[in-house]
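The block underneath contains the structure these notes are about, expressed in structure tokens.
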Amino acid sequence: GGRGRVGLGDGERGRWGVAGGMGGGMSRAAVVRFALGWAWFGRGASFVPTAPRKSDAIFGRGGLLRAVPQRRQRKHMVELGSGGGALVRAAVRQGGYSKATGYEINGVLVGYSWIRSCFSDGEHFRLQSLWAADVSEAELVFVYGVPSILSSLPATLIEQLPAGAHVCSNAFPFP
């Protein structure tokens, strides 16, 4: 029989599905729904997951950043409006960055990102506004923000970024 066996019965499996499978499709759908609602209440841009195709085109083999000759170890990438953290993870895992930090104002997305990266060195997430982000050591900054935010951001970045840093805007033109 089943005596002495440790495991979940069919009735218990459903109860633990969300907690046990935070990286799974069901939880991603819940995160997307909540994050879209977050934007409706004026708390930043709506969450749009970064397609693996896009992160591969930037950081993957033959990607945009792989095509640029590297003189030294890439140290720090920052993403402002990091959402689900896909570009932060790709920067460390594929792009050769020793550290990547994502700043996000949606606590659910920060939690989701942290869970997806909890055993990976160099991947960091902050529940913090992009206006309070520390970009002073960033070599590359990705920005996901709506045009009303982007219009004020260049002055802040110019003041803080080190010489030679690059800024890339995702989805909207950077002024």
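The values are calculated or read from the model by the stated rules, or taken from the named source; none is laboratory data. In this text the structure is predicted, and so the values were computed from the model without any measurement. Every residue, glycine among them, receives a Cβ derived from its backbone with ideal geometry; neighbour counts consider all protein chains shown. Surface accessibility is based on the protein's heavy atoms, side chains included, excluding ligands, DNA and RNA. Shrake-Rupley method; radii C 1.70, N 1.55, O 1.52, S 1.80 Å.
Across every pair of non-identical alpha carbons in segment 58-160, the mean reciprocal distance, once inverted, gives a Kirkwood radius of 13.9 Å. Model label points for K54 and A155, set 7 angstrom from Cα along the Cα-to-Cβ axis, are 2.8 nm apart. Accessible surface for segment 59-136, divided over its residues, is 50 Å² per residue with a 1.4 Å probe.
For S82, the residues whose modelled amide H falls within less than 5 Å of its own, excluding neighbours fewer than 5 places apart on the same chain, are Y103, E104. The order of H124, H76, H166 by accessible area, most exposed first and with a 1.4 Å probe, is H166, H124, H76.
Overall, the accessible surface of segment 122-175 at a probe of 1.4 angstrom is composed of carbon and sulfur to the extent of 58 percent.
In order along segment 156-161, phi translates into HN-Hα couplings of 5, 5, 4, 5, 9, 6 Hz, rounded to whole numbers, per the Karplus curve 6.51 cos²θ - 1.76 cosθ + 1.60 with θ = phi - 60° and x for Gly and Pro. What is segment 116-166 by shape, rounded, prolate or oblate, if you read a ≥ b ≥ c off the alpha carbon gyration tensor as root eigenvalues and call it rounded for a/c under 1.5, prolate for a/b larger than b/c, and oblate otherwise? It comes out oblate by the Cα gyration axes.
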